[in-house]
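FYI, it's all coordinate maths here, none of it is from the lab. Computed from a prediction, not measured in an experiment: that's the story for all the values here. Here Cβ is always computed from backbone atoms with ideal geometry, including for glycine, and neighbour counts include all displayed protein chains.
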Amino acid sequence: MKLIFSKKPIFKLRTVIFIIISVIIIVIDTYSNFFVKIRYQTNNTMIPVYFFLNKPFFIYEKISKFFIKKNVILKNNKYLFSKILQQNMKLFSLKEIEEENNHLRNILHLPVLKEKNSILAKIIPVILPRCKNEIFINKGSKDNVFLGTIVLNEQGVVGQVISTRKQSSQVLLICNKKFSLPVQLQNSDTKFIINGNGCTKPLKSEYISTDINLKKGDILVTSGLDEQYPYGYPVGTITNVILDKEKNLNIAYIKPFIKMETIKYVLLLINSQ
């Protein structure tokens with residue numbers, strides 16, 4: 001069914017009217033400030049609306065920047081922490097090397113080096129040692145290390161070799177209960193024998209005559225009576241003297257100069273068999 005009145009002429013008329021109005025507005029805008037004022041007022045009126053409409057985007061942008069910045073800071077912190085950790089590891093390694101050099105320097109300057117043949121040995125770490133009163137070293141029979149070889153370090157007497165293999169040896173520490181050593185007071189000729197008492201306890205010397213004047217703080221050195229240990233080498237300090245009333249004898253307790261837990265290098269007197 002066809003429409004009685006067609007809309008096409010009306011549409012054309014509207015188009016023509018809009019074109020005429022547009023031309024009039026362009027002409028007025030070109031030669032007059034009338035529309036400038038209207039635009040200015042319109043913009044002022046719409047600013048709060050623009051601000052309100054842009055607020056969500058502004059908040060989103062702020063939040064995005066915050067998290068991006070936070071991630072960058074976290075990455076930088078992680079990188080810097082890694083660098084600091086690496087530097088600390090290097091410093092720790094340098095300190096270890098410095099300590100080892102000091103140990104070696106002190107050992108190599110021992111007076112016994114001028115009098116006896118000696119070699120330097122390093123302690124072999126043992127994860128589960130069978131006996132804490134013994135240690136293992138990286139020198140053996142191929143290095144002319146035999147049973148009875150004397151073991152020293154820069155602090156004092158360490159012990160004596162009790163077994164050897166081709167490339168390693170076992171050392172009985174001075175604190176072992178099986179160990180005995182002839183000693184004397186540093187400033188006198190008073191001589192006696194001390195024994196190991198376990199590495200968690202001080203060394204011990206029994207059956208000392210009450211006529212011998214011993215006191216706390218006296219320094220003991222090797223006496224050289226056994227012709228194995230060098231004369232005058234430091235052993236330890238007397239920490240206590242107790243009188244055994246039943247036997248009428250003194251018992252002396254001695255703290256050794258060596259620190260078992262810090263031993264890394266030792267000196268072997270290979271000609272003291």
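Within the same chain, lysines fewer than 8 places from Lys70 are excluded, and of the rest, those with a Cα less than 18 Å from its Cα are Lys62, Lys78. Residue exposure proxy: Glu61, Glu134, ordered by other Cβ atoms within 10 angstrom of their Cβ from fewest to most, comes out as Glu61, Glu134. Of the cross-linked pairs Lys55/Lys75; Lys204/Lys247; Lys69/Lys90; Lys216/Lys264, which ones have a Cα-Cα span greater than 28 Å in the structure shown? Those over the limit are Lys55/Lys75; Lys69/Lys90; Lys216/Lys264.
Entry for segment 178-220 at q = 0.21, 0.23, 0.24 Å⁻¹: log10 I(q)/I(0) = -0.74, -0.87, -0.93, Debye formula applied to identical alpha-carbon scatterers, no solvent contribution. As a proxy for reagent exposure, Asp244, Asp143 were ordered by neighbouring Cβ count within 10 angstrom, fewest first; the result is Asp244, Asp143. In terms of distances greater than 22 angstrom between alpha carbons, the cross-link table entries Lys132/Lys177; Lys177/Lys245; Lys139/Lys255; Lys95/Lys139; Lys142/Lys177 yield Lys177/Lys245; Lys139/Lys255; Lys95/Lys139; Lys142/Lys177. Computed about its Cα centre, the charge dipole of segment 132-191 is approximately 300 debye, with only Lys, Arg, Asp and Glu carrying charge at their Cβ.
What's the whole-number percent of alpha carbon pairs in segment 118-273 lying beyond 29 angstrom? The calculated P(r) of segment 118-273 puts 18 percent of pairs beyond 29 Å. Available extension along the chain between Lys95 and Thr45 is 10.7 nm, counting 0.36 nm per residue and deducting the alpha carbon span. Among Thr210, Thr164, the ranking by other beta carbons within 10 Å of each residue's beta carbon, starting with the fewest, stands as Thr210, Thr164.
Treat every Asp and Glu Cβ in segment 118-273 as -1 and every Lys and Arg Cβ as +1, leave all other atoms uncharged, and give the resulting dipole magnitude about the Cα centre to the nearest 20 debye. Walk me through the numbers before you get to the answer.
On the way: 19 positive and 12 negative charges, 135 e Å.
With only Lys, Arg, Asp and Glu charged at Cβ, the dipole is about 640 debye.
With the convex hull of its Cα atoms as the shape, segment 200-252 has an orientation-averaged projected area of 4.5 nm².
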